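Step one of this worksheet: look at the structure below.
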């Protein structure tokens with residue numbers, strides 16, 4: 001990976017990105033595929049970066065529901081996450097500090113022969129975090145991110161699902177040598193209990209339908225989330241294979257519906273291109289193994305990274321005699 005690609009990859013990687021899963025899933029608050037293929041560990045040069053993360057995906061399903069009723073169903077879940085990352089001038093004993101903020105938007109639509117149709121769109125769960133990164137040299141780097149998803153109400157039908165505070169942390173590892181890039185990102189989210197007491201509406205209705213499941217409390221739980229990638233940089237191109245997934249570590253209401261704690265593992269491919277100041281990455285993949293989930297998710301994720309500001313290189317002043 002060349003220097004510019006590594007820097008821009010770190011700009012995305014430093015972000016603790018916000019999100020949620022498709023309607024039939026266990027709602028890990030950080031979508032497992034978002035950070036795959038990114039250098040989340042290498043400290044950023046000082047500056048301000050704008051990153052946009054966009055994703056489209058969903059599923060089609062036919063068979064028997066949890067109560068033995070025959071049905072067909074389709075669901076789409078799309079999101080867009082604009083993020084600002086400030087790589088500060090602060091470094092302590094080689095540990096560099098980056099501050100992050102994000103305000104994502106989500107779109108969920110579902111059709112079911114049992115539950116009918118439902119659609120929700122709106123902003124949800126603002127996110128604030130700090131990343132502490134250390135570069136060991138020789139291609140090795142590590143970072144730790146700590147942040148919080150803030151509760152939010154009045155979010156265009158997503159209440160009361162996102163009226164919840166979630167503590168987020170991530171350990172990221174990266175190694176780069178001879179154009180090869182190995183990255184691993186390991187996240188853990190700890191969600192407080194949903195404070196809202198409302199019934200079905202918005203996203204909850206999109207997931208379960210009116211009269212099928214009458215309360216959205218407890219859908220957000222604790223999750224271990226991971227993403228792995230091996231890529232190769234060839235000139236301005238980057239190509240490789242990726243994998244991602246999650247495992248529930250607490251029991252939620254949706255686990256009860258589908259028979260136990262949920263998990264998924266997905267495989268996909270990555271293609272990236274360095275346009276100069278703007279870097280793009282496209283990841284496309286699908287679940288290959290799921291547990292206690294009614295379907296498999298197929299998803300595409302696009303990263304667009306734009307450096308907004310970097311300090312000027314000090315000019316050398318030559319003394320005249």
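Before moving on, here are some points about what is shown:
Residue by residue, here is whether (1) surrounded by 24 or more Cβ atoms within 10 Å (Cβ to Cβ); (2) part of a loop (DSSP other than H, G, I, E, B); (3) modelled with pLDDT of 85 or more; (4) out of contact with any helix residue (DSSP H, G or I) (no Cβ under 7 Å at 6 or more places or on another chain) holds:
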{"residue": "9", "(1), (2), (3), (4)": "yes, no, no, yes"}
{"residue": "16", "(1), (2), (3), (4)": "yes, yes, no, yes"}
{"residue": "20", "(1), (2), (3), (4)": "yes, yes, no, yes"}
{"residue": "23", "(1), (2), (3), (4)": "yes, yes, no, no"}
{"residue": "32", "(1), (2), (3), (4)": "yes, yes, yes, yes"}
{"residue": "37", "(1), (2), (3), (4)": "yes, yes, yes, yes"}
{"residue": "45", "(1), (2), (3), (4)": "no, yes, yes, no"}
{"residue": "48", "(1), (2), (3), (4)": "no, no, yes, yes"}
{"residue": "51", "(1), (2), (3), (4)": "yes, no, yes, no"}
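- Among the residues examined, residue 198 qualifies as in contact with a helix residue (DSSP H, G or I) (Cβ under 9 Å, 6 or more places away or on another chain), surrounded by fewer than 18 Cβ atoms within 10 Å (Cβ to Cβ) and at pLDDT below 90.
The values are calculated or read from the model by the stated rules, or taken from the named source; none is laboratory data. Model, not experiment: these values are computed from the prediction. Backbone-built Cβ (ideal geometry, glycine too); neighbour counts: all protein chains shown.
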